[in-house]
Amino acid sequence: MLLLRAHMTLNVQVEKNPNESSANVIRRFTKRMQGSGVIPRMRNDRYHARNKSENVRKTARLKKLGKKVIYEKLLKLGKVQERVRGRK
């Protein structure tokens, strides 16, 4: 008997029949797992990105604005060419 419990909310259970091969039991278990939606939920939890704190966002924005000021100054002095966005 195979049993999986994810976050204590969902049980996926498969019992082996007397004349059934182990490969077939694993295949049935896999199908049941896919149908239950446990794997996508676990992947979602695994790769979840935290929200950045207000201080981190503020620091990143100030850094970006500083780079923009430097770029505009260099552009005015003719030391860099203007970036072209989109299709040419």
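No value in this document is a laboratory result; all are computed from the given coordinates. Since the model is a prediction, treat every value here as computed from it, not as a measurement. All Cβ positions, glycine included, derive from the backbone under ideal geometry; neighbour counts span all protein chains shown.
Which residue, Gly78, Leu62, Val12, has the largest displacement toward the positive end of the dipole of the chain when charges sit on each Cβ (Lys, Arg +1; Asp, Glu -1)?
Checking the options against the dipole of the chain, the answer is Gly78.
Taking the stretch 24-71, which chymotrypsin sites (Phe, Trp or Tyr not before Pro) meet the DSSP loop condition and have no more than 13 other C-beta atoms within 10 Å?
Tyr47
For the chain, with only Lys/Arg (+1) and Asp/Glu (-1) charged at the beta-carbon, what is the dipole magnitude about the Cα centre, in debye rounded to 20?
1000
Can you give the helix-only mean residue ellipticity at 222 nm for the chain, where every DSSP H stretch with n ≥ 4 adds -39500 (n - 2.57) and the sum goes over all residues, rounded to the nearest 500 deg cm²/dmol?
So the helix-based figure for the chain works out to -18000 deg cm²/dmol.
Report the FRET efficiency, 1/(1 + (r/R0)^6), for Asn11 and Asn44, where r is their Cβ-Cβ distance and R0 is 22 Å, rounded to 0.05.
With a Förster radius of 22 Å, E is 0.65.
Compute a Gaussian network model of the chain, connecting alpha carbons closer than 10 Å, and tell me which residue from Asn55, Asn19, Asn11 fluctuates the most.
Asn19
Residue by residue, what Karplus-based ³J(HN,Hα) values in Hz, rounded to whole numbers, does the stretch 42-53 have, using 6.51, -1.76 and 1.60 with θ = phi - 60° and x for Gly and Pro?
Whole-Hz 3J(HN,Hα) from phi for the stretch 42-53: 5, 5, 4, 5, 5, 9, 5, 9, 5, 6, 6, 6.
In 10 Å bins starting at 0, how do the alpha-carbon pair distances of the chain split up by percent?
13, 21, 16, 12, 12, 14, 9, 3, 0
To the nearest 10 degrees, how steep is helix 54-77 against the longest Cα principal axis of the chain, on a 0 to 90 scale?
40
Only counting other Cβ atoms within 10 Å, I'd like Arg87, Arg61, Arg41 sorted with the fewest neighbours first.
With the sparsest Cβ surroundings first, the list reads Arg87, Arg61, Arg41.
Return the long-range amide H neighbours of Val12 (sequence gap of 5 or more, or a different chain), with a cut-off of under 5 Å between placed amide H atoms.
For Val12, the qualifying residues are Leu4.
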